[in-house]
1. Conditions first: (1) within 22 Å of Ala39 (Cβ to Cβ); (2) out of contact with any Gly (no Cβ under 6 Å at 6 or more places or on another chain); (3) exposed (fewer than 13 other Cβ atoms within 10 Å of the Cβ). Asp418 passes all but one, so which condition is the exception?
2. Look at the range 297-352 and say how many of its residues are in a helix (DSSP H, G or I) and within 30 Å of Leu222 (Cα to Cα).
3. Residues that are within 21 Å of Val138 (Cα to Cα): which helices (runs of 4 or more DSSP H) entirely in the range 1-107 hold 1 or more of them?
4. Would it be correct to say that Arg57 is more than 21 Å from the chain's Cα centre (by Cα) and either assigned by TED's automatic domain parsing to the domain that holds Asn314 or surrounded by 16 or more Cβ atoms within 10 Å (Cβ to Cβ) (or both)?
5. Please verify whether Gly350 is at pLDDT 95 or above and surrounded by 24 or more Cβ atoms within 10 Å (Cβ to Cβ), treating the condition exactly as stated.
6. Please report, ordered by residue number, the helices (runs of 4 or more DSSP H) entirely within the range 172-223 with at least 1 residues that are under 23 Å from Ala399 (Cβ atoms) and of a type in the set (S, T, N, Q).
7. For the condition hydroxyl-bearing (Ser, Thr, Tyr), under 16 Å from Phe118 (Cβ atoms) and either in contact with a Leu (Cβ under 7 Å, 6 or more places away or on another chain) or not assigned by TED's automatic domain parsing to the domain that holds Ala77 (or both), what is the one hit in Ser293, Ser305?
8. Out of the residues in the range 423-458 that are surrounded by 14 or more Cβ atoms within 10 Å (Cβ to Cβ) and of a type in the set (S, T, N, Q), state the one that is farthest from Ile50 (Cα to Cα).
Amino acid sequence: MRTYVSAEEATARGRAARERVPAESRDRAAVGPRRPTVAEFIAASNRGRIPELVGLRVGRMLASPFTFLRGAAGLMAADLADGPHSGLPAQLCGDAHAANFGLYGTPRGDITMDINDFDETIVGPWEWDLERLAASLVLAGREAGASAEDCERAAYDAVASYRRTIVELAQLPFMQSWTALADASILDHARADGLVDDFHKAVKKARKNTSAKVVKKWTEHLDDHETGISRHRFINDPPVLTHVTPERADAVIDGLERYANTIRESRRSLLARFAVSDVAFRIVGTGSVGLHSYVALLHGNDGESLVLQVKQANPSALAPYLPAQPKRHEGERIVVGARTVQAETDILLGWTTIDVGDDGQLPFIVRQFRNLKGGIDPAGLSDDLDDYGRLAGALLARAHARSLDPRALAGYLGDDFDDDRLETAIARFAVRYADQTEADHATLAAAVAAGDIAADVS
């Protein structure tokens with residue numbers, strides 16, 4: 001706080017970076033020199049996962065090239081690792097594909113849209129997030145049946161929106177830029193008018209996505225006649241939702257008691273008013289399949305229920321391709337990353353360690369399971385994919401501006417919007433990378449068909 005960096009100094013830093021790494025250098029080959037084969041990647045990324053769920057993870061990656069990309073953040077990191085980067089680091093999402101932007105509830109009960117997955121978060125080149133977003137938009141568009149021109153346009157527009165947002169944030173007072181675009185005004189800013197109806201439909205649906213809905217759909221009612229307490233218990237629904245042993249439930253509850261110390265003090269007394277009714281194992285996502293993941297059902301005041309997700313935190317898949325970073329609890333890494341990047345963060349987001357038996361003491365994150373969550377599926381947008389690209393680009397820019405001085409980044413990006421070399425270069429790379437991902441997906445499908453890699457497509 002003793003030294004002030006002027007706007008001129010910060011902007012000059014970005015311009016110097018652009019001299020070293022010009023925008024057109026981003027139009028390059030899709031495959032990097034450190035890329036493993038698809039089989040090597042699958043084998044390495046499955047290490048440490050629950051063996052009987054590995055086939056299900058592969059099966060989900062087989063669904064489409066877009067779902068393959070969603071499960072292959074580490075493979076793309078290998079391709080990006082030796083590419084050009086400006087030397088301007090940011091707190092990355094680490095997995096900024098198009099489906100990782102969604103709606104969720106703020107502490108005040110409002111609904112906001114932001115990046116919503118931080119399993120791979122790490123400090124690294126801002127370009128990695130933007131290029132992953134661009135490539136994912138091309139793949140999502142292809143899955144939706146959009147034309148090749150529209151797919152490339154969505155990637156181009158995402159970069160253009162990212163650049164425009166950064167330049168505008170760089171010109172705002174610091175306090176104003178920090179809280180900018182945290183509501184539906186993001187649609188107007190991103191020029192995403194085509195998504196207005198989709199957004200409002202998603203908000204309406206998200207408002208119903210609560211712990212109470214989970215209890216109604218996934219649990220059965222039990223009355224304890226001895227204590228007079230009315231509770232609920234999860235209904236077994238294998239393989240997605242399964243009961244755990246009493247010993248594992250106790251271990252999870254022990255972890256939850258420790259987790260309370262990682263949330264803000266003002267919220268610990270709130271959490272302490274609840275008690276755990278049940279714990280179950282639940283399979284989630286694509287990249288997270290095979291990790292330990294639990295849902296904990298808590299009961300509160302007058303029939304109130306709260307469902308928490310307790311999810312294993314693996315090291316970031318990007319870490320092997322970046323300089324060594326300070327060692328910390330992997331759950332803490334994810335929580336700090338989310339708190340750094342998101343405009344609004346789950347008030348019950350924290351971390352813990354749990355003894356899971358044969359696999360020993362493992363790190364976990366804890367968060368509300370259904371916190372007014374929702375979203376717009378980019379793979380279902382054949383007509384408004386470019387609007388979604390502009391929306392996601394603006395959201396990613398806001399996220400990066402919270403850890404990287406937007407004035408420096410604006411200096412790199414430039415404010416001459418007639419000069420579109422950056423947008424063109426990244427869009428071309430995105431198409432090339434989408435082609436490579438389709439080839440990778442085909443390679444995986446062939447290996448599964450040949451019996452070389454096991455997959456469960458049920």
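The values are calculated or read from the model by the stated rules, or taken from the named source; none is laboratory data. It should be emphasised that the depicted structure is a prediction, and the values quoted were computed from it without experimental measurement. No Cβ is skipped: glycine too gets one built from the backbone with ideal geometry, and neighbour counts run over all protein chains shown.
1. (1)
2. 0
3. Values: elements: 7-20, 38-46, 51-61, 65-70, 73-80.
It comes to 38-46, 51-61, 65-70, 73-80.
4. Details: more than 21 Å from the chain's Cα centre (by Cα): no; either assigned by TED's automatic domain parsing to the domain that holds Asn314 or surrounded by 16 or more Cβ atoms within 10 Å (Cβ to Cβ) (or both): yes.
For Arg57, the condition - more than 21 Å from the chain's Cα centre (by Cα) and either assigned by TED's automatic domain parsing to the domain that holds Asn314 or surrounded by 16 or more Cβ atoms within 10 Å (Cβ to Cβ) (or both) - is not met.
5. Taking the combined requirement at face value, the residue satisfies it.
6. Values: elements: 174-178, 185-189, 196-206, 211-218.
In the range 172-223, 174-178, 185-189 are the helices (runs of 4 or more DSSP H) which contain 1 or more residues that are under 23 Å from Ala399 (Cβ atoms) and of a type in the set (S, T, N, Q).
7. Details: Ser305 fails: under 16 Å from Phe118 (Cβ atoms).
Only one candidate passes the filter, namely Ser293.
8. It comes out as Thr424.
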